[in-house]
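Worksheet for the structure shown next.
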Amino acid sequence: MDEHVRAAELVAAEEKAELLFAEVTRRGLVAAGVRESVVSDRVRDLGAELFGIERHWHKRVVRAGPNTLAPYQENPPDRVIEDDDIVFLDFGPLLERWEADFGRTYVLGDDPAKLAIAAALPRLWADGRAHFEAHPDITGAELYAHVGELAREAGWEFGNSHAGHLVGEFPHELVDGAKIESYIAPENTNPMRRTDRNGAQCHWILEIHIVDRDRGFGGFHEQLLTLR
């Protein structure tokens, strides 16, 4: 497939995911007194209503309060969202055959520490992207190290063993599977700007998951690193 067409389709998929999350906010779907699983189902149904989304290429993640400390790989118990909670959503809607991956953090109350972590997330993401743009030969390991240092400098701990992954045509895992080369991770010493085994340009999602273990919560932010 023409790389310009492929890039345009990936951007269009993310734009729809962004619109979906904006509508989640407008409709107040992240609310106290509701279980995480119920919010997940409501967002799933909204995606079907707005964009005909029938599948998500990875598990739908809604985490509140102490569950926000858990990285993607874990499956903490379903929790009822509380009045003063911090909540994050991580969804991978499949738009036709194109993967999107989008994550945002919401603060329901006025706790200054939770508001601070939510406000820091997009800044840290932007700083991570700026570093990626400034280093054409950067490896996954180098970008992971940098975003971890950004988190520490801002006063938080980086909360996951990786900081993102490849994204593309569904299912991209058939291209590179669970291989570490598919992740922005300490073990990935390959340059991020490369082609995959099928000769297609690699495109990446950058994830920022930061946690405050002393206070018992964290936050999450992700979207396309390349193309936009």
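The values are calculated or read from the model by the stated rules, or taken from the named source; none is laboratory data. Quantities reported herein were computed from a predicted structural model and do not represent experimental measurements. When we count neighbours, we look across all protein chains shown, and the Cβ atoms used for this are built from the backbone with ideal geometry, even at glycine. Accessible surface is based on the protein model in full, side chains and every heavy atom, while ligands, DNA and RNA are left aside. Shrake-Rupley method; radii C 1.70, N 1.55, O 1.52, S 1.80 Å.
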What lysines could a cross-link reach from K179, if we take a straight Cα to Cα line under 21 Å and drop same-chain neighbours fewer than 8 places away?
K59
Counting helices only, and only those DSSP H runs with n ≥ 4, report the 222 nm mean residue ellipticity of the chain as the sum of -39,500 (n - 2.57) divided by its residues, in deg cm²/dmol to the nearest 500.
-12000 deg cm²/dmol
State the dimensionless ratio Rg/Rh of region 115-228 (Rg: radius of gyration of Cα atoms; Rh: Kirkwood radius).
0.98
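Could you tell me the relative contact order of the chain? Use alpha-carbon pairs under 8 Å, at least six residues apart, and round to a whole percent.
Worked out over the chain, it gives 22 percent.
So for each of 115-123, 205-213 I average, over its residues, the number of other beta carbons within 10 Å; can you give me the resulting order with the highest mean first?
Numbers: 115-123: 17.4, 205-213: 23.4.
Descending mean neighbour count gives 205-213, 115-123.
Report, please, the projected area of the chain averaged over directions, based on the convex hull of its C-alpha atoms, in nm². Display every interim value, and only then the final one.
Details: hull surface 46.5 nm².
For the chain, averaging the hull's shadow over all directions gives 11.6 nm².
Report the semi-axes of the equivalent ellipsoid for region 1-136 in whole Å, largest first, where each axis is √(5λ) for an eigenvalue λ of the Cα gyration tensor.
On the way: eigenvalues 137, 83, 34 Å².
For region 1-136, the ellipsoid semi-axes come out as 26, 20, 13 Å.
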Which one of G33, G199, P93 is farthest out on the positive end of the charge dipole of the chain, using unit charges on Cβ (Lys, Arg +1; Asp, Glu -1) and the Cα centre as origin?
G33
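Roughly how large, in nm² to one decimal, is the mean projection of the convex hull of the alpha-carbon atoms in region 34-112?
On the way: hull surface 21.7 nm².
Mean projected area for region 34-112: 5.4 nm², to one decimal.
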In Å and on Cα atoms, what radius of gyration and Dmax does region 86-126 show?
13.1, 41
State the dimensionless ratio Rg/Rh of region 99-162 (Rg: radius of gyration of Cα atoms; Rh: Kirkwood radius).
1.01
Under-5 Å amide H pairs with E82, H placed in peptide plane, nonlocal only:
G33
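Under unit Cβ charges (Lys, Arg +1; Asp, Glu -1), what dipole magnitude, rounded to 20 debye, does the chain have relative to its Cα centre?
Details: 25 positive and 41 negative charges, 33 e Å.
Computed charge dipole of the chain: roughly 160 debye.
Under a point-charge model restricted to the Cβ atoms of Lys and Arg (+1) and Asp and Glu (-1), what is the dipole moment magnitude of region 64-145 relative to its Cα centre, in debye to the nearest 20?
On the way: 6 positive and 16 negative charges, 32 e Å.
Computed charge dipole of region 64-145: roughly 160 debye.
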On the accessible surface of the chain, probed at 1.4 Å, how many percent belong to carbon and sulfur atoms?
50
Using θ = phi - 60° and the Karplus relation 6.51 cos²θ - 1.76 cosθ + 1.60, list the HN-Hα couplings for region 206-223 in order, rounded to whole Hz, with x at every Gly or Pro.
9, 10, 10, 10, 10, 9, 10, 5, 5, 8, x, 7, x, x, 8, 8, 8, 5
Semi-axis lengths (Å, descending) of the ellipsoid that matches the C-alpha gyration tensor of region 1-71:
27, 15, 11
